[in-house]
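Below: the structure, in structure tokens.
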Amino acid sequence: MSTLERSTEQKQAEWYANPAGGRSEQPAGPPEPLENAAAQVPVRMSAEGLTVRYGVSTFGIRDVTMALYDRKVTALIGPSGCGKSTFLRALNRMHDLGRDIEVTGDAFLDGESIYAPGVDPVVVRRRVGMVFQKPTPFPTKSIYENVCAGLRLVGMRKRSLLDEAVEKALTSAALWDEVKDRLRSPGGSLSGGQQQRLCIARALAVEPEVLLMDEPTSSLDPNATMRIEQLITQLKRQVTIVIVTHNMQQARRVSDYTAFFYLGEMVEQADTHELFTAPKESRTQEYLHGTFS
Ligand SMILES: Nc1ncnc2c1ncn2[C@@H]1O[C@H](COP(=O)(O)OP(=O)(O)OP(=O)(O)O)[C@@H](O)[C@H]1O
Ligand SMILES: [Mg+2]
């Protein structure tokens, strides 16, 4: 019987029974560089032994060590509940906002721990932006004010600077031409695909270095999906991107690297072409071949 054919309960029971309790005995070192030429690319963010526990018994992710390469797109794939969103949230300290959530291990941005004492999570979230599965604009606020939201939080008040930043962010999000004549209309008046690009513009306005996207196209039609995928390809010239997707074709189209998660662990990370054509781990092979879902 393959590793992946056992029942989820059985696998989870074995997993939780590990007496190490989600922490490796040894402190995790930095991630091993990937075995290909592109691994020469600088690392922008990394996780070392990153573990997130919800309450006492549920691990969201366990002991994840991996690198996110500068101005590359990394796709996270894996079955529902394997910890992809939990991992993303740990990369911009979103778990600080939840209750009974314990984060151990570490994550680094430009070599500096984002969990070190004295690091302001608000600053981390400005540098590491996030876009969610369902577009989340402020529906009654204007398109203009939606994009400004983060800039106002960091104290930008001058009208000319705000105007400039709004145009720049909407242009980067490939939305400017569609909304430039209706900036005062509510964010909620846009189509789903436009709302998602508005959320991307809002995230880009504060000029993050890393953009985390959690299934950004799962609620969109094929046309809107294609626009977001094209946008990701343009954005990676300036930002390091992590995208969670259940769409394997999408992962292959947009990402440079792919990481496969399973039961809270990062099983394998590789160059996208390599991971899809010659995965090293049997669990990755079985997932990609549809032996389980
Ligand atoms: N707020 C929470 N409280 C308790 N447990 C949670 C919470 N969020 C996630 N979990 C648990 O952590 C594990 C990982 O969940 P996570 O949402 O990260 O998975 P995922 O890979 O993003 O799944 P999906 O593909 O369905 O979005 C699951 O067992 C889930 O039930
Ligand atoms: Mg998720």
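The values are calculated or read from the model by the stated rules, or taken from the named source; none is laboratory data. Because the structure is predicted, anything quoted here is derived from the model rather than measured. Using ideal geometry, Cβ is built from the backbone for each residue, glycine included, and neighbour counts are taken over all protein chains shown.
The table below gives the values:
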| read-out | value |
| --- | --- |
| Any hit, the range 116-131, residues being touching a Pro at 6+ places or on another chain (Cβ under 8 Å) and within 16 Å of ligand 2 (Cβ to nearest atom) | yes |
| Total residues in the range 149-179, condition touching a strand residue (DSSP E or B) at 6+ places or on another chain (Cβ under 9 Å) and either farther than 21 Å from Gln196 by Cα or β-branched (Val, Ile, Thr) (or both) | 0 |
| The range 60-76: number of residues that are of a type in the set (Lys, Arg) and either crowded, with 24+ Cβ neighbours inside 10 Å or within 16 Å of ligand 1 (Cβ to nearest atom) (or both) | 1 |
| Residue check for Leu220: within 23 Å of Val128 (Cα to Cα) and among the hydrophobic types (A, V, I, L, M, F, W, C) | no |
| Residue list for the range 73-106, restricted to those being modelled with pLDDT of 95 or more, away from ligand 2 (no atom under 16 Å from the Cβ) and closer than 18 Å to Asp214 by Cα | Val73, Arg93 |
| Conditions (1) among the β-branched types (Val, Ile, Thr); (2) surrounded by fewer than 14 Cβ atoms within 10 Å (Cβ to Cβ); (3) part of a loop (DSSP other than H, G, I, E, B); (4) within 24 Å of the chain's Cα centre (by Cα); number of the one not met by Thr140 | (4) |
| Selection from the range 55-91 of residues that are in a loop (DSSP other than H, G, I, E, B) and closer than 18 Å to Gly264 by Cα | Gly55, Val56, Ser57, Gly78, Pro79, Ser80, Gly81, Cys82, Gly83 |
| Sole residue being surrounded by fewer than 19 Cβ atoms within 10 Å (Cβ to Cβ) and at pLDDT 95 or above, chosen from Leu190, Leu170, Leu183, Leu153 | Leu183 |
| Complete set of residues in the range 43-56 that are modelled with pLDDT under 95 and either over 21 Å from Met94 (Cβ atoms) or charged (D, E, K, R) (or both) | none |
| Where Pro33 falls short, out of the listed (1) touching a strand residue (DSSP E or B) at 6+ places or on another chain (Cβ under 9 Å); (2) within 15 Å of ligand 1 (Cβ to nearest atom); (3) free of Cβ contacts under 8 Å to residues at least 60 places away in the same chain | (2) |
